[in-house]
1. Quick check on this structure: which one of 51, 55 is assigned to a loop (DSSP other than H, G, I, E, B), crowded, with 17+ Cβ neighbours inside 10 Å and in the same structural domain as residue 24 (by TED's automatic domain parsing)?
2. Got a sec? Which of 143, 169, 164 is surrounded by 16 or more Cβ atoms within 10 Å (Cβ to Cβ), over 22 Å from residue 72 (Cβ atoms) and either within 16 Å of the ligand (Cβ to nearest atom) or in the same structural domain as residue 251 (by TED's automatic domain parsing) (or both)?
3. Test residue 341 against the criterion of being within 20 Å of the chain's Cα centre (by Cα) and either modelled with pLDDT under 95 or outside any loop (DSSP other than H, G, I, E, B) (or both), and give yes or no.
4. Return the only residue of 175, 185, 244, 235 being more than 16 Å from the ligand (Cβ to nearest atom), over 28 Å from the mean Cα position of the chain (by Cα) and not in a loop (DSSP other than H, G, I, E, B).
5. So is residue 354 touching a residue at least 12 places away in the same chain (Cβ under 8 Å), in a helix (DSSP H, G or I) and surrounded by 16 or more Cβ atoms within 10 Å (Cβ to Cβ) or not?
6. Quick check on the stretch 1-19. Is at least one of its residues in a loop (DSSP other than H, G, I, E, B), at pLDDT 95 or above and either under 23 Å from residue 176 (Cβ atoms) or within 16 Å of the ligand (Cβ to nearest atom) (or both)?
7. So if I check each of 154, 109, 95, which one is more than 14 Å from residue 18 (Cα to Cα), over 19 Å from the mean Cα position of the chain (by Cα) and touching a residue at least 12 places away in the same chain (Cβ under 8 Å)?
8. Can you go through 389, 347 and tell me which one is over 18 Å from the mean Cα position of the chain (by Cα) and surrounded by fewer than 16 Cβ atoms within 10 Å (Cβ to Cβ)?
Ligand code: MN
């Protein structure tokens, strides 16, 4: 029944992501911006909204917002002003939020994701603007009262608003994964949804397939995981389809997601922009960003996950899966970057990182930053295998564990000290092959007359004679050349 109901409809979703910025201080004051401090200890008179206090622009916030905009290929506004968004709430001492309205710092741009079939898709960005967080109302600590912690009041945020380009719950999930990855690569937000440093509001509507105009959307708030974003969208699709199918009207509402039941319930009817009476913030100056400034920020951008993905899959020939695992963590990707700069065996180096190195990190619950083996030593180890000096088996089972215990050693020193180097057995192989040919002269003639399947006989003879120590690849080569 459920799928039938949705058969005639398509999904239209836009996401609003709020990301807390990793600045030392708050957006408009020198109060500390730090998660987890004792309640109401990071609250000067400015955070408390005392009359007569004045906000000041935190330059780091501007820099971080520009970074993000450049990484999304947005246009950066050269001239902008802040705005007041007025509303009353106990955790908003000023009675307004300093945000941006008509002149967001970034407009347009895109985030690349995979659609639900795995194809590349661009989700367009409407705008990114700077604003401040509100304090936190705590409803579950005191049975009689709501407690307010204003440490979060004034913490800097960027709000990333997407176009309604998302057409599948999985795309919403994939979009959030990419946004978080980007925030982390830029090191402007830790992307921690549980601590609320990345939050997501979802605008959901549906329409009949083929319909050109958008129908009424509903905003769903308070979703605390990527998984729950999908669940909220799935629930809303179903709910809205039922409303339309029974002749009802979907109302412009802000709804709350309940993770326990997987349902949404009405919080309030949606307020329009007019309800907030936005006006230019009189206490902050107009912000002008020169082309020089923007270029300087651009030059300091780290490698971006999307560019690295392109390079890994197109230039290095890695699979989509391998590239994505390498890119999950910026410092893991940077380790790989350094590794292949020294030892350009792209696929082999990726295999080492994804199996041996990742295995070690998982076992020890550590990060690549704590990985004991220097990238130069890993490059040396991989090169020893690739040039045939040690076997892969010896490298991964013996040398790699030895290096973990003695990371200041070189791979070569360990191989020599433990007699792990592959011996050059080419002379032994040649001798063994010559003996085999003397033993079976008629088979040599038969091989030369076309019985190519006799190759296995000679290879077997040589492997036996060298007691299995010879590299099968080398045996094959020598046997073939002597039979030629
Ligand atoms: Mn906002």
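The values are calculated or read from the model by the stated rules, or taken from the named source; none is laboratory data. None of the values given here were measured: they were computed from a predicted structure. Here Cβ is always computed from backbone atoms with ideal geometry, including for glycine, and neighbour counts include all displayed protein chains.
1. Values: 51 fails: crowded, with 17+ Cβ neighbours inside 10 Å.
The match here is 55.
2. Values: 143 fails: surrounded by 16 or more Cβ atoms within 10 Å (Cβ to Cβ); 164 fails: over 22 Å from residue 72 (Cβ atoms).
Only one candidate passes the filter, namely 169.
3. Numbers: within 20 Å of the chain's Cα centre (by Cα): no; either modelled with pLDDT under 95 or outside any loop (DSSP other than H, G, I, E, B) (or both): yes.
When the stated conditions are applied, residue 341 does not pass them.
4. Details: 175 fails: over 28 Å from the mean Cα position of the chain (by Cα); 185 fails: over 28 Å from the mean Cα position of the chain (by Cα); 235 fails: over 28 Å from the mean Cα position of the chain (by Cα).
244 is the lone residue from the list that is more than 16 Å from the ligand (Cβ to nearest atom), over 28 Å from the mean Cα position of the chain (by Cα) and not in a loop (DSSP other than H, G, I, E, B).
5. On the way: touching a residue at least 12 places away in the same chain (Cβ under 8 Å): yes; in a helix (DSSP H, G or I): yes; surrounded by 16 or more Cβ atoms within 10 Å (Cβ to Cβ): yes.
Answer is yes for this residue.
6. Step one: filter the stretch 1-19 for residues in a loop (DSSP other than H, G, I, E, B), giving 1, 7-8.
Filter once more, so that each one left must be at pLDDT 95 or above: none.
So far as the stretch 1-19 goes, no, none of its residues is in a loop (DSSP other than H, G, I, E, B), at pLDDT 95 or above and either under 23 Å from residue 176 (Cβ atoms) or within 16 Å of the ligand (Cβ to nearest atom) (or both).
7. Numbers: 154 fails: more than 14 Å from residue 18 (Cα to Cα); 109 fails: over 19 Å from the mean Cα position of the chain (by Cα).
Only one candidate qualifies: 95.
8. Details: 389 fails: surrounded by fewer than 16 Cβ atoms within 10 Å (Cβ to Cβ).
Residue meeting the stated conditions: 347.
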